[in-house]
1. Return the FRET efficiency for the residue pair Glu89, Asp114: r is the Cβ-Cβ distance, R0 is 30 Å, and the value is rounded to the nearest 0.05.
2. Give the accessible area for Asp16 in Å² (nearest 10); use a 1.4 Å probe, count only protein heavy atoms, and leave out ligands, DNA and RNA.
3. In terms of modelled amide H atoms, which long-range or inter-chain residues lie less than 5 Å from the amide H of Ser144?
4. Under 24 Å between alpha carbons: how many lysine pairs meet that in the chain, if sequence neighbours fewer than 8 apart on the same chain are excluded?
5. Quick check: residue separation of Phe39 and Asn96 times 0.36 nm, minus the Cα distance between them. What number comes out in nm?
6. Round to the nearest 10 and give me the degree value, 0 to 90, for the angle of helix 43-55's Cα axis relative to the longest principal axis of the chain.
7. So the label point goes 7 Å from the Cα of Asp135 along Cα→C-beta, right? Which residues of segment 1-35 then have their backbone N under 20 Å from it?
8. Could you list log10 I(q)/I(0) for segment 32-94 at q = 0.13, 0.16, 0.20, 0.27 Å⁻¹, which the Debye formula gives when each Cα is one point scatterer?
Amino acid sequence: MQNTFHHLARGICIKDNKVLLAQATGYTNTFLPGGHIEFGESAKDALSREIEEELGITSRIGRLLGLVEHKWEKKGILNCEINQVFEVESDEFVANINPKSIESHLNFFWCNADELSIINLQPYPLSNLIKKYLDGNKEIWWESTLNAEIDDSNRN
């Protein structure tokens, strides 16, 4: 089996107790805005760049919330990733108005915290971590699905 590793920077954008999520066309899962960290690039710079590329907006990257390790299998390839998750703010985000994606294969939308577990947010430990964060828990995150069964659901 072939293996692939992904090092990702992801952002938690919150307006009126709603979280900004992304979904790729043709996939059932959702994910936090962000993407791959390029070699030699800091995670914060990567997140700022990805948000600019995906949404065309300027953002402020805040503190590190934590890390989530995750694995999944797709088309016979085992994928493992590390997600570094940060707070993100932008004056260009407006609650209840879904931001327009610059990239045609992505859609962005605001989601209520109580809906996170039913909309297939990946990596799935983020659902509970985000709920705790919205409830005021400021502990550093660390979760892993590496010892869990492989998730082979549709995944971007």
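1. Values: r = 23 Å, r/R0 = 0.75.
Once rounded, the FRET efficiency stands at 0.85.
2. Surface open to solvent at Asp16 totals about 120 Å².
3. Glu69
4. The number of close lysine pairs in the chain is 17.
5. Numbers: separation 57, 0.36 × 57 = 20.52 nm, distance 3.56 nm.
Length gained, Phe39 through Asn96: 17.0 nm.
6. Long axis of 43-55 versus the principal axis of the chain: about 70 degrees.
7. Answer for segment 1-35: 12-20.
8. The Debye formula, applied to the Cα set alone, gives -0.41, -0.59, -0.83, -1.18.
The values are calculated or read from the model by the stated rules, or taken from the named source; none is laboratory data. In this text the structure is predicted, and so the values were computed from the model without any measurement. Glycine gets a Cβ as well: all are built from the backbone with ideal geometry, and neighbour counts include every protein chain shown. What goes into the accessible areas is simple: the full protein's heavy atoms, side chains included, and nothing from ligands, DNA or RNA. Shrake-Rupley method; radii C 1.70, N 1.55, O 1.52, S 1.80 Å.
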